[in-house]
Amino acid sequence: MKYYKLKISLNNYEDRLNRTILFKHDNDLDELAFTILSIFNTLAYHLYKFEDDSKKYECEIGLREAEEMCYPDKGIDTWLVTLDQLDIKNNKFMMTYDFGENYEFVIEVIEQIELKEIYRIPRVIDGVGYGIVEDGKFILEDYLDGKPLEYPLLFIKKGRHTMLDFNSFDLEECNKKLKREISKIRNAYFPYY
């Protein structure tokens, strides 16, 4: 089975926040988006789009919204495009998530590989950093830029309030939750998918 080895990084913070994954060559861009949203711990309630060297690809919800608003510059539906079909000249393309916060992910195609094993879902093989903070990009950027935070970010883990550690990354946990998270994200964007 043919896979792409991809390194996905938050733009301008490539060394501090990234994941390397194996992604099946014939999966569509929606599946890649759901994977990225899962492995970077998003809540997945904003639109996303991809751009390669010549085209823009948008999620179906974004395309419907563009049509309703009569935007002339619509992209191609992400559901109709696989990685094999992208125009990637420099081995990199972009995904933007949450057009207000404007999280930009740089996706680098490291190599194409053949594996005997068949992974039904993408596989994370390396990573650095926790992920992004929904509706709080400035907090994440301050932390990544080395500025002190005015207050800690807390979340509930196993029934307890826990302080968010932006440096944490657990490869085993990331892969363990991937199947469940991708499915939840897919159902959120496309309940009929």
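Result for the chain in a Gaussian network model with C-alpha springs under 10 Å: among 34, 93, 138, the largest mean-square fluctuation is at 138.
Work out the P(r) tail for the stretch 1-82: percent of alpha carbon pairs separated by more than 17 Å, whole number. Looking at the stretch 1-82, the distances longer than 17 Å represent 55 percent of pairs.
The relative contact order of the stretch 1-153, computed from alpha carbon pairs under 8 Å that lie at least 6 residues apart in sequence, is 35 percent. When the solvent-accessible area of the stretch 1-58 is split by element, carbon and sulfur atoms take up 38 percent of it, the probe being 1.4 Å.
Pairs to check: 24/147; 74/184; 2/184; 56/137; 56/147. Give those whose C-alpha atoms are more than 29 Å from each other in this structure.
Cα-Cα > 29 Å for 24/147; 56/147; rest within.
Mind checking which aspartates and glutamates have their C-alpha under 13 Å from residue 55, skipping anything on the same chain fewer than 8 residues away? Within reach: 73, 77, 87.
Taking N as the residue count of the chain, its C-alpha radius of gyration divided by 2.2 N^0.38 Å amounts to 1.03. Among 46, 161, 25, the largest mean-square fluctuation in a Gaussian network model of the chain, built with springs joining Cα atoms closer than 10 Å, belongs to 161. Mean residue ellipticity, 222 nm, helices only, the chain: the sum of -39500 (n - 2.57) across DSSP H runs of n ≥ 4, divided by residue count and rounded to 500, is -7500 deg cm²/dmol.
Placing unit charges on the Cβ atoms of the charged side chains and taking the dipole of the chain about its Cα centre, the candidate lying farthest along the positive direction among 127, 29, 75 is 127. Rounded to two decimals, the Cα-based Rg/Rh of the stretch 67-147, with Kirkwood Rh, is 1.02.
The values are calculated or read from the model by the stated rules, or taken from the named source; none is laboratory data. Note that the structure is predicted; figures quoted are calculated from it, not measured. Cβ coordinates were reconstructed from backbone atoms using ideal geometry, including for glycine residues, and neighbour counts include every protein chain displayed. What goes into the accessible areas is simple: the full protein's heavy atoms, side chains included, and nothing from ligands, DNA or RNA. Shrake-Rupley method; radii C 1.70, N 1.55, O 1.52, S 1.80 Å.
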